[in-house]
Amino acid sequence: MTDQTGLFPEQNGNSGSRMSFDGGDASGHRARLRKRLMTGGEDALADHEVIEYLLMVARPRIDTKPIARSLIQRFGSLAGVLNADPQALALHPNMGETSAAALRIVALAARRLAKTVVREQPVLSNWQALLDYLHIDMAHLNVERVRVLYLNTQNMLILDHLVGDGTLDESPIYTREVVKKGLDVGAAAMILVHNHPSGSPKPSRADIQVTQKIIEAARLMGMNVHDHIVIGREGHTSLKAQGLI
């Protein structure tokens, strides 16, 4: 798929001419965005301006502001845009694969950075970094995802195992497979994680029951289950902190 740019004025005249966005000077607007980005803090740009700037770098000859605003409107937030399905991004009006890739690479970089931070220290003493990573990866998914974090005796992460993706409200997790994988990698402990696409991180009765089964099976094999974390757009819930396990 290629970018659909035929609707933009730059293709109807001299390709070397400079476009004027919103009746103003395009280069001046972009220079001001760049200056705010380079000299301001993390809130220097509004969410739609972050998207606008990313698209501007990918496609410098078109006005990306209306595209950015329409993306925020459709997907709800900056995080929603960056974590949107690649095909949904590419098929959005006036986007295409080049623009979608420009947004996807940011989400990929954010996940890798967050995961690197998690790996650098014992997980239990770096809890906020773990929560940040899980929110980046799972909070905005439209299907339920289950993962198990396997830890060594020093509680360092040795494997971030994606068990699988399910439906809008269900993803299977099998006790035997979870415990077997832990034995295979020599894990001393594990942390169970899944998300709720509904947005609410409130654990269900099934969440609690399956956690208890895994705790018992893991204990028989000499492994601890430190926690089960439920991730949602509205936050997270630790079953251990809630006294549910």
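The values are calculated or read from the model by the stated rules, or taken from the named source; none is laboratory data. For clarity, every value in this text was computed on a predicted model and none was experimentally measured. No Cβ is skipped: glycine too gets one built from the backbone with ideal geometry, and neighbour counts run over all protein chains shown. Remember, those area values only see protein heavy atoms, side chains included, never the ligands or the DNA or RNA. Shrake-Rupley method; radii C 1.70, N 1.55, O 1.52, S 1.80 Å.
What number of residues within segment 186-196 are surrounded by 20 or more Cβ atoms within 10 Å (Cβ to Cβ) and either at pLDDT below 90 or not aliphatic (A, V, I, L, M) (or both)?
The number of residues fulfilling the criteria is 3.
Which pairs turn up if I take residues in segment 78-97 that are in contact (Cβ under 8 Å) with a residue 24 or more places away in the chain and look for partners that are of a type in the set (Asp, Glu) and open to solvent by 20 Å² or more (accessible area, probe 1.4 Å) with beta carbon separation below 6 Å, at least 6 apart in sequence or on another chain?
Leu78/Asp47; Ala90/Glu97; Gly96/Asp3
Which condition number does Arg147 fail, the rest of (1) under 18 Å from Leu239 (Cβ atoms); (2) among the charged types (D, E, K, R); (3) over 17 Å from the mean Cα position of the chain (by Cα) being met?
Failing condition for Arg147: (3).
Scan (1) assigned to a helix (DSSP H, G or I); (2) open to solvent by 40 Å² or more (accessible area, probe 1.4 Å) for the single condition Gly222 breaks and write down its number.
(1)
Looking for whichever is modelled with pLDDT of 90 or more, within 28 Å of Arg219 (Cα to Cα) and surrounded by 18 or more Cβ atoms within 10 Å (Cβ to Cβ) here; the options are Leu162, Leu130, Leu183. Which one fits?
That would be Leu130, the only listed residue that is modelled with pLDDT of 90 or more, within 28 Å of Arg219 (Cα to Cα) and surrounded by 18 or more Cβ atoms within 10 Å (Cβ to Cβ).
State yes or no: is Ala241 in a helix (DSSP H, G or I), of a type in the set (A, V, I, L, M), surrounded by fewer than 16 Cβ atoms within 10 Å (Cβ to Cβ) and without any contact (Cβ under 8 Å) to a residue 24 or more places away in the chain?
When the stated conditions are applied, Ala241 does not pass them.
Can you tell me how many residues within segment 74-91 are open to solvent by 50 Å² or more (accessible area, probe 1.4 Å), part of a loop (DSSP other than H, G, I, E, B) and either in contact with a Gly (Cβ under 8 Å, 6 or more places away or on another chain) or closer than 15 Å to Leu55 by Cβ (or both)?
So the count comes out to 0.
If Asp43 satisfies every condition in (1) within 25 Å of Asp137 (Cα to Cα); (2) touching a helix residue (DSSP H, G or I) at 6+ places or on another chain (Cβ under 8 Å); (3) not in a helix (DSSP H, G or I) but one, which is the exception?
(2)
For every residue, the table says whether it meets (1) of a type in the set (A, V, I, L, M, F, W, C); (2) touching a helix residue (DSSP H, G or I) at 6+ places or on another chain (Cβ under 6 Å); (3) under 30 Å from Asn152 (Cα atoms).
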position	(1), (2), (3)
Lys35	no, no, no
Glu52	no, yes, no
Phe75	yes, yes, no
Leu78	yes, yes, no
Val81	yes, yes, no
Leu89	yes, yes, no
Glu97	no, yes, no
Ala101	yes, no, no
Leu108	yes, no, yes
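Quick grid of which residues meet (1) of a type in the set (Lys, Arg); (2) open to solvent by less than 60 Å² (accessible area, probe 1.4 Å); (3) within 19 Å of Leu78 (Cα to Cα):
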{"position": "Met95", "(1), (2), (3)": "no, yes, yes"}
{"position": "Thr98", "(1), (2), (3)": "no, no, yes"}
{"position": "Leu103", "(1), (2), (3)": "no, yes, yes"}
{"position": "Leu113", "(1), (2), (3)": "no, no, yes"}
{"position": "Arg119", "(1), (2), (3)": "yes, no, no"}
{"position": "Asn126", "(1), (2), (3)": "no, yes, no"}
{"position": "Ala139", "(1), (2), (3)": "no, yes, yes"}
